[in-house]
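Q: The following block contains the structure, expressed as structure tokens.
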Amino acid sequence: MRSRRISAALAPMLFGVALLAAWSGPAAAACELRARGGAIKRIVQIQLDNVHLRRDVANVPSDLELMPHLRDFLISDGTLGGNHQTSPLAQQVPDALTILTGLYGDRTGVPIGDSYGSFRSDGRVGFATAFAYWTATGGDGKPLMLADTGRTVSAPWVPFTRAGCDVGAVATTGLALMDLAPDVTNVFGAADNPTNASADLLGIAIHCARGSALCAGGRARPDRLPDEPGGYDGFNVLFGDRDVRPVISPGGPVKDINGQIIAGLANPFAPTAAQSLGYAAAMLEAGVPVVYVSIGDAHTQGAQRSLGPGERAHVERLAADDKAFKTFIDRLAAGGISQRNTLFIVVPTGNDRFVGGSPSPPDCNGVTLPCTYPQTGEIDTAINRLLATQRRNVSAFDIAFGSAPPFYLQGNPQATDPLMRTLQQDVGKLTVLNPITNKTDRLAAMLADRAQLRLLHMITASPARAPSFLMFGDPQYFHQTSPSSADCAQPPACAAINPSFVWTSGDIQRIAGDSWFGIVGPGVTHLGQTTDIRSHHADLRPTMLALLGLSDSYAHDGAVLVDALDTTALPPELASGRDTFAALARATKDLDDPLGRLGRYSLAWSTQAIRGGDIGYRRYLDAIGAITARRDALAGEMKAQLDGAAFARRRINPADAGSLVARAETLINEVEDLAGGNIAPAARPWKAASGQQ
């Protein structure tokens, strides 16, 4: 996924496998995982940025098809689920935080995107990056990772370190330092070696268990989590290659999976698979039993334009990443670390859509016949100029740039304020002459005000972060503001092709929620590739912890993916009521998942109300608040049952579960009726109203 032009102010594996070297450094902590049968000794969770299971161009194999060793590992030894949902805007940081915590964005503090806006006391708007360490402070003065309690979200490494397990992180936002300012400044006070601070301190971390020898050599510093439930004293952390490398590779520099020296991760946002997996292997070989890994977007090409499906450089990058995966898997297996004793979870963050036009030649496949794209690029708009030209609306607002921009109307007026209503309706009426098709497009597909964003789990415990409204746009357009509000008859054009970027994210069309996950290891059912398991990023955390016999300090928004696990690996209270649990989990998704049936129907209803008259809009506001309150209460009951069975040894009574499912269906049907004809297929960007994903 690209990282550029954010919010107007921010941009942010085949042969030569050697046996593992004998380890002579300090021993790691005694890790006490509680998996049934004791089979799981290690966990490797890998996040891939913007890697697709689907084909973006019909003749060109998908990203994962072009990584056959990784795909075969997941299919032959585990489950590859292809009916998987992302966050509503399918952006990297919200996705990553949901994967790490099992929580939707309203409970992680970052539901909107890789950058976020917040209203200042004077009504103006400031923007900040969401790529940051777990204890970072947000632009509104509150914790960036903001729980619904108003405090910092419980850190994902805590259940492991409390169980005596050291936790390593490679390029994983939240778990490692991501930027010199504010991360390094907040943690260290100031970078003590400005020349090499990026390479020395960013992208790498080990969070140590109490008494871990890895953190006993004077390089560690206190792992401060002041908001952690139950306290978190006596734990230490190592940050950066400078302090991690000496304890996991005392004989010299850490090398990538191909044997090249890694001089730290100066750019932790876009490491190659060879870099990330090389560092992860070194951690695992040194005795770190839990390792989180992130790998950069294979569609990027440095400062040059992003790559289209089947272009030579794109295919070569995926081949290199796949080679790195094979070498990583073979290297670990040679040292006794394999799917027989290690749980592997692989999942992409982000889910961009290709908008680069048709390939040439038309029958290219990227493998035997490389593709080129004569006409490439998203369509960039100057949305404030379009508003001034088409609607004579010059209201002062800011947006986070993207294909689904959140609008922040300066002064922060209320929902029924005429200024707010006029801007919402004017945005909904904007059109553009498409410079590619020469047809007129309406820019807004769907509109969500704050009431609807709350139902979609996109309003946090900080009112300052709530956008005025959000426009889910046509995914081939990328919206930004211009310093000028000049009429669109004047150059530059208000809508123009940008050949540097051929991928967009942030739309709610089905393709943006059509993702995947892979899971391999003890207790995992060997289902191969399947679409039978309906899943969400939020499900991966509870699934992992249930297998390990560990728990978080909060109730998850996701549920254990029982269909992907062997009955013998499940807690007995869950195993004995597996079918009841699965039915309740599916109903909870329909009710509470932002892209579930209730969320989709209510978004259609919201769009209709915003575009309609003021009387109807007030009626909508009165009704949606009550519906959201009912949904929250009912979803809370359902999630308490699901988490109770998975982590608190409480059986689910089938009659109670049936009653909850029926109540959820009743509420969903009410909202479907309220949305009415606005959810007809022609007006809805989803495949079917029945909930098929």
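Q: Roughly how many debye, to the nearest 20, is the charge dipole of region 80-188 about its Cα centre, given +1 on each Lys and Arg Cβ, -1 on each Asp and Glu Cβ, and no other charges? Before the final figure, lay out each step's value.
A: Numbers: 6 positive and 9 negative charges, 43 e Å.
Using Cβ point charges on Lys, Arg, Asp and Glu, region 80-188 gives about 200 debye.
Q: To the nearest 20 debye, what charge dipole does region 137-222 have about its Cα centre, counting +1 at the Cβ of each Lys and Arg and -1 at the Cβ of each Asp and Glu?
A: Numbers: 6 positive and 7 negative charges, 71 e Å.
Around 340 debye, computed over region 137-222.
Q: Tabulate in residue order the Karplus-calculated ³J(HN,Hα) for region 271-277, using 6.51 cos²θ - 1.76 cosθ + 1.60 with θ = phi - 60°, rounded to whole Hz; enter x for Gly and Pro.
A: In residue order, the calculated couplings are x, 6, 4, 4, 5, 5, 5 Hz.
Q: Let's test the formula: R0 of 35 Å, r as the Cβ-Cβ distance of Arg120 and Arg663. What FRET efficiency results, to the nearest 0.05?
A: Details: r = 42 Å, r/R0 = 1.19.
That gives a FRET efficiency of 0.25.
Q: Another question about this same structure. Once amide H atoms are built 1.01 Å from N in the peptide plane, which residues 5 or more positions from Ile46, or in another chain, come under 5 Å H to H?
A: Val293, Ile345, Val346, Val347
Q: Between Phe401 and residues 5 or more places away or on another chain, which pairs have amide H atoms under 5 Å apart, with H built 1.01 Å from N, and which residues are they?
A: HN-HN under 5 Å from Phe401: Ser7, Ala8.
Q: Take peptides 329-335, 384-390, 113-119, 359-365 and line them up by average Cβ neighbours within 10 Å, highest first, as a rough protection proxy.
A: On the way: 329-335: 18.3, 384-390: 20.9, 113-119: 26.3, 359-365: 14.6.
So the peptides 329-335, 384-390, 113-119, 359-365, ranked by packing, come out 113-119, 384-390, 329-335, 359-365.
Q: According to a simple spin-label model (label point 7 Å from Cα along Cα-to-Cβ), what is the distance in nm between Asp622 and Ala655?
A: Distance between label points: 3.9 nm.
Q: I'd like to compare 239-251, 84-96, 470-482: which one has the highest average count of other Cβ atoms within 10 Å, and what's the full order after that? Mind dumping the intermediate values first?
A: Values: 239-251: 20.8, 84-96: 28.3, 470-482: 23.1.
Put in order of decreasing packing, that is 84-96, 470-482, 239-251.
Q: Another question about this same structure. By per-residue mean of other Cβ atoms within 10 Å, what is the highest-first order of 491-500, 455-464?
A: On the way: 491-500: 16.4, 455-464: 21.8.
Output ranking for 491-500, 455-464: 455-464, 491-500.
Q: For Ile204, which sequence-distant residues (separation of 5 or more, or a different chain) have an amide H within less than 5 Å of its own amide H, given hydrogens modelled in the peptide plane?
A: For Ile204, the qualifying residues are Ala171, Leu177, Gly240, Asp241.
Q: Find the centroid of the Cα atoms in region 614-664 and in region 148-179, then give the distance between the two in whole Å.
A: 29 Å
Q: While we're looking at this one, here's another question. Specify which residue in the list Pro250, Tyr408, Phe344 is farthest towards the positive end of the charge dipole of the chain, using unit charges on the beta carbon of Lys, Arg (+1) and Asp, Glu (-1), about the Cα centre.
A: Tyr408
Q: Using 0.36 nm per residue of separation minus the Cα-Cα distance, give me the extension gain between Arg34 and Val367 in nm, one decimal. Display every interim value, and only then the final one.
A: Numbers: separation 333, 0.36 × 333 = 119.88 nm, distance 4.51 nm.
Contour length minus Cα-Cα distance gives 115.4 nm.
Q: If you take the charge dipole of the chain about its Cα centre, with +1 on Lys and Arg Cβ and -1 on Asp and Glu Cβ, which of Pro370, Val187, Gln275 is farthest toward its positive end?
A: Val187
Q: Around Tyr104, what is the net charge, scoring Lys/Arg as +1 and Asp/Glu as -1 over all other residues with Cβ under 13 Å from its Cβ?
A: On the way: positive: Arg107, Arg454, Arg541, Lys589, Arg631, Lys639; negative: Asp95, Asp106, Asp148, Asp539, Asp557, Asp592, Asp593, Asp632.
Around Tyr104, the surrounding residues sum to -2.
Q: Additional query: Taking only protein heavy atoms and a 1.4 Å probe, what accessible area per residue, in Å², does the chain have with all protein chains in place? Present the calculation step by step, with values, prior to reporting the outcome.
A: On the way: 24470 Å² over 693 residues.
That works out to 35 Å² per residue.
Q: Ok, one more. Determine which aspartates and glutamates satisfy two conditions relative to Lys589: a Cα distance under 12 Å, and not lying fewer than 8 residues away in the same chain.
A: Here the aspartates and glutamates satisfying the reach criterion relative to Lys589 are Asp539, Asp557, Glu665.
Q: Grab the Cα-Cα distance for Arg391 and Asp632, subtract it from 0.36 nm times how many residues apart they are, and report the gain in nm with one decimal. Walk me through the intermediate numbers first.
A: Values: separation 241, 0.36 × 241 = 86.76 nm, distance 3.78 nm.
Residue separation times 0.36 nm, minus the Cα-Cα distance, leaves 83.0 nm.
Q: Please pull out the direction-averaged projected area of the chain, using the convex hull of its alpha-carbon atoms, in nm² to one decimal place. Don't skip to the end; give the middle numbers.
A: Numbers: hull surface 113.7 nm².
Averaged projected area of the chain's Cα convex hull equals 28.4 nm².
Q: Along the positive direction of the dipole of the chain (beta-carbon charges: Lys, Arg +1; Asp, Glu -1; about the Cα centre), which of Ile497, Ile262, Ile206 reaches farthest?
A: Ile497
Q: While we're on this one: Using a 1.4 Å probe on the protein chains only, how many percent of the accessible area of region 206-306 belongs to carbon and sulfur?
A: Numbers: 1720 of 3730 Å².
C and S atoms contribute 46 percent here.
Q: Given a 1.4 angstrom probe, I'd like the percentage of the accessible area of region 415-487 that is carbon and sulfur, rounded to a whole number. Write out the running numbers ahead of the final one.
A: Working: 1330 of 2540 Å².
Using a 1.4 Å probe with all protein chains present, region 415-487 comes out at 52 percent carbon and sulfur.
Q: So between Asp579 and Ser76, what do we pick up on full extension, going 0.36 nm a residue minus the alpha carbon distance? If you can, show how the numbers build up before the last one.
A: Working: separation 503, 0.36 × 503 = 181.08 nm, distance 2.54 nm.
Extending this stretch completely gives an extra 178.5 nm.
Q: Within 11 Å, Cβ to Cβ, of Ile533, how many net charges do the neighbouring residues add up to if Lys/Arg are +1 and Asp/Glu are -1? Please report the intermediate quantities before stating the final value.
A: Numbers: positive: Arg534, Arg586; negative: Asp532, Asp539, Asp563.
So the surrounding residues net to -1.
Q: With a ≥ b ≥ c the root eigenvalues of the C-alpha gyration tensor of region 35-190, is it rounded (a/c under 1.5), prolate (a/b larger than b/c) or oblate?
A: Details: a/c = 2.18, a/b = 1.40, b/c = 1.56.
Here region 35-190 falls in the oblate category.
Q: In sequence order, what are the phi-derived ³J(HN,Hα) couplings for region 544-551 according to the Karplus relation 6.51 cos²θ - 1.76 cosθ + 1.60 with θ = phi - 60°, rounded to whole Hz, with x for glycine and proline?
A: 4, 5, 4, 5, 8, x, 10, 8
Q: How about Lys439: which lysines have a C-alpha closer than 18 Å to its C-alpha, ignoring those fewer than 8 places off in the same chain?
A: Lys429
The values are calculated or read from the model by the stated rules, or taken from the named source; none is laboratory data. These numbers come from a predicted model, not from an experiment. FYI the Cβ positions are ideal-geometry reconstructions off the backbone, even for glycines, and counts take in every protein chain you see. The accessibility values were calculated without ligands, DNA or RNA, using every heavy atom of the protein model including side chains. Shrake-Rupley method; radii C 1.70, N 1.55, O 1.52, S 1.80 Å.
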